[in-house]
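The values are calculated or read from the model by the stated rules, or taken from the named source; none is laboratory data. As the structure is a computational prediction, the values presented were derived from the model and not from experiment. Positions of Cβ are backbone-derived with ideal geometry, glycine not excepted, and every protein chain shown enters the neighbour counts.
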Amino acid sequence: MVAILTYHHIAEPCQEKAGAGLYVSPSEFAAQMNFLKVRGFSVVTLDDIREHLLGRNSLAPTSVAITFDDGYQDVYENAFPVLRENGFTATVFLIVKRLKEEKPGYLSLNQTKEMLSSGICFGSHTLTHPRLTRLPEDEQYREIEGSKKELQEMLDTPVHWFSYPYGNFNQLTIKKVQQAGYRGAVSAIRDNRLRPAELYYLPRVMVMPGISIKKFNYYFSYYYHLVHWWKNLRRWKI
């Protein structure tokens, strides 16, 4: 099993129903990272997963990548210290406009560079976080390719991975991500088993708030895979 976990906020739960599912408390996150360490999980990068899927390396059976979408400031405040303490890497997907404008509630450029220097990776979550499939082809490419270019200039490091805002993509969007030169992309499809054919829409496990460690352990089980394999047959047509 090789899985990808995804988080958004690492902060006390939001009171608004619409955003409540995006918050994992700092204490929950710390307990989950401790679980991974105590259970001997290998925390790997998305590049490691790509090489594994292409048959170029071999990963431990219990390997996991950690990702964060949107680039919220509480990732720096509450997740980054825990990751550093455990010696874990992660990938944070940034919305370029919010980084450039240093919008309140989002990572600043200085915070991003500090995390980068400590082994955290960064990917693109587009320029402005639109639903890509609703845009004309040229605007899709500008959001996808333009965000890669701007992030590379701002961070002075290559940007190889992409995350689809709202998990919204189709065949044209995948083609534009490939044309922009990304090594792969992650999606909102839920599964804990990965296939080479999914390299540009890799499924992830979205960690929900308020779960027990027993439920967190379930995320890595074969039963989780079976449940979501069945659900995905109805939800997703790539």
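Quick one: is Phe93 without any contact (Cβ under 8 Å) to a residue 60 or more places away in the chain and under 16 Å from His8 (Cα atoms)? Explain how you work it out, then say what you get.
Values: without any contact (Cβ under 8 Å) to a residue 60 or more places away in the chain: no; under 16 Å from His8 (Cα atoms): yes.
Judged against the criteria, Phe93 is not a match.
Taking only region 10-32 into account, find how many residues are of a type in the set (A, V, I, L, M), under 17 Å from the mean Cα position of the chain (by Cα) and part of a helix (DSSP H, G or I).
Total satisfying the criteria: 1.
Which of the residues spanning region 104-135 are among the hydroxyl-bearing types (Ser, Thr, Tyr), surrounded by fewer than 21 Cβ atoms within 10 Å (Cβ to Cβ) and either part of a loop (DSSP other than H, G, I, E, B) or at pLDDT below 95 (or both)?
Initially, region 104-135 is screened for residues among the hydroxyl-bearing types (Ser, Thr, Tyr), giving 106, 108, 112, 117-118, 124, 126, 128, 133.
Within this subset, residues satisfying the condition of being surrounded by fewer than 21 Cβ atoms within 10 Å (Cβ to Cβ) are 108, 117-118, 128, 133.
Across region 104-135, the qualifying residues are Ser108, Ser118, Thr128.
For region 203-221, name all the residues that are more than 17 Å from Ala188 (Cα to Cα) and either out of contact with any Pro (no Cβ under 9 Å at 6 or more places or on another chain) or not small (Gly, Ala, Ser) (or both). Walk me through it before giving the result.
From region 203-221, those more than 17 Å from Ala188 (Cα to Cα) are 210-218, 221; that's our starting set.
Within region 203-221, Ile211, Ser212, Ile213, Lys214, Lys215, Phe216, Asn217, Tyr218, Ser221 qualify.
Is region 47-70 home to any residue that is out of contact with any strand residue (DSSP E or B) (no Cβ under 9 Å at 6 or more places or on another chain) and either assigned to a helix (DSSP H, G or I) or under 24 Å from Ser108 (Cα atoms) (or both)? Walk me through how you get there before you give the answer.
Keep residues of region 47-70 that are out of contact with any strand residue (DSSP E or B) (no Cβ under 9 Å at 6 or more places or on another chain), which gives 51, 54-58.
Retained after the next criterion (residues that are either assigned to a helix (DSSP H, G or I) or under 24 Å from Ser108 (Cα atoms) (or both)): 51.
For region 47-70, residues out of contact with any strand residue (DSSP E or B) (no Cβ under 9 Å at 6 or more places or on another chain) and either assigned to a helix (DSSP H, G or I) or under 24 Å from Ser108 (Cα atoms) (or both): present.
Go through region 170-180 and count every residue that is touching a helix residue (DSSP H, G or I) at 6+ places or on another chain (Cβ under 8 Å) and either surrounded by fewer than 16 Cβ atoms within 10 Å (Cβ to Cβ) or closer than 12 Å to Glu137 by Cα (or both).
Applying the first criterion (touching a helix residue (DSSP H, G or I) at 6+ places or on another chain (Cβ under 8 Å)) to region 170-180 yields 170, 172-173, 176-177, 179-180.
Then keep just the ones that are either surrounded by fewer than 16 Cβ atoms within 10 Å (Cβ to Cβ) or closer than 12 Å to Glu137 by Cα (or both); that gives 170, 172-173, 176-177, 179.
Of the residues in region 170-180, 6 are touching a helix residue (DSSP H, G or I) at 6+ places or on another chain (Cβ under 8 Å) and either surrounded by fewer than 16 Cβ atoms within 10 Å (Cβ to Cβ) or closer than 12 Å to Glu137 by Cα (or both).
Which members of region 178-197 meet the condition of being over 15 Å from the mean Cα position of the chain (by Cα), touching a residue at least 12 places away in the same chain (Cβ under 8 Å) and either assigned to a loop (DSSP other than H, G, I, E, B) or within 30 Å of Pro61 (Cβ to Cβ) (or both)?
Taking region 178-197 as the starting set, the residues that turn out to be over 15 Å from the mean Cα position of the chain (by Cα) are 178-181, 193, 195-197.
Imposing the further condition that a residue be touching a residue at least 12 places away in the same chain (Cβ under 8 Å) reduces the set to 178-181, 193, 195-196.
Across region 178-197, the qualifying residues are Gln178, Ala180, Gly181, Arg193, Arg195, Pro196.
Pick out the one residue from Lys175, Lys231, Lys149, Lys237 that is part of a helix (DSSP H, G or I) and at pLDDT below 95.
Values: Lys175 fails: at pLDDT below 95; Lys149 fails: at pLDDT below 95; Lys237 fails: part of a helix (DSSP H, G or I).
From the options Lys175, Lys231, Lys149, Lys237, the qualifying one is Lys231.
Kindly list, by first and then second residue, each pair from a residue in region 154-168 that is within 20 Å of His8 (Cα to Cα) and touching a residue at least 12 places away in the same chain (Cβ under 8 Å) to a residue that is part of a loop (DSSP other than H, G, I, E, B) and among the β-branched types (Val, Ile, Thr), limited to pairs with Cβ atoms under 6 Å and residues at least 6 apart or on different chains.
Partner pairs satisfying both residue conditions: Pro165/Thr126.
Starting from region 121-141, keep only residues that are under 26 Å from Glu102 (Cβ atoms) and in contact (Cβ under 8 Å) with a residue 12 or more places away in the chain, then list their pairs with residues that are of a type in the set (Gly, Ala, Ser) and in a helix (DSSP H, G or I) whose Cβ atoms are within a distance under 9 Å, requiring at least 6 positions of separation or different chains.
If the second residue must be of a type in the set (Gly, Ala, Ser) and in a helix (DSSP H, G or I), the pairs left are Ser124/Ser147; His125/Ser147; Thr126/Gly146; Thr126/Ser147; Leu127/Gly146; Leu127/Ser147; Thr128/Ser147.
Suppose we keep only residues that are crowded, with 18+ Cβ neighbours inside 10 Å and either small (Gly, Ala, Ser) or within 13 Å of Gly210 (Cα to Cα) (or both) within region 33-70. Which one would you say is nearest to the chain's Cα centre (by Cα)?
Ala65
Report, by residue number, each residue of region 136-156 that is in contact with a helix residue (DSSP H, G or I) (Cβ under 7 Å, 6 or more places away or on another chain), surrounded by 14 or more Cβ atoms within 10 Å (Cβ to Cβ) and over 22 Å from Arg204 (Cβ atoms).
Keep residues of region 136-156 that are in contact with a helix residue (DSSP H, G or I) (Cβ under 7 Å, 6 or more places away or on another chain), which gives 137, 140-141, 143-144, 147, 150-151, 154-155.
When the remaining residues are screened for being surrounded by 14 or more Cβ atoms within 10 Å (Cβ to Cβ), the result is 140-141, 143-144, 147, 150-151, 154-155.
Of everything in region 136-156, those that are in contact with a helix residue (DSSP H, G or I) (Cβ under 7 Å, 6 or more places away or on another chain), surrounded by 14 or more Cβ atoms within 10 Å (Cβ to Cβ) and over 22 Å from Arg204 (Cβ atoms) turn out to be Tyr141, Glu150, Met154, Leu155.
Name the residue that is farthest from the chain's Cα centre (by Cα), counting only residues in region 89-102 that are crowded, with 21+ Cβ neighbours inside 10 Å and closer than 29 Å to Val38 by Cβ. Give the derivation first.
Keep residues of region 89-102 that are crowded, with 21+ Cβ neighbours inside 10 Å, which gives 90-96, 99.
Those left that are additionally closer than 29 Å to Val38 by Cβ: 90-93.
Details: Ala90: 8, Thr91: 6, Val92: 6, Phe93: 6 Å.
This residue is Ala90.
Counting only residues that are in contact with a helix residue (DSSP H, G or I) (Cβ under 8 Å, 6 or more places away or on another chain) and crowded, with 16+ Cβ neighbours inside 10 Å, which one in region 6-23 is farthest from Phe93 (Cα to Cα)?
Pro13
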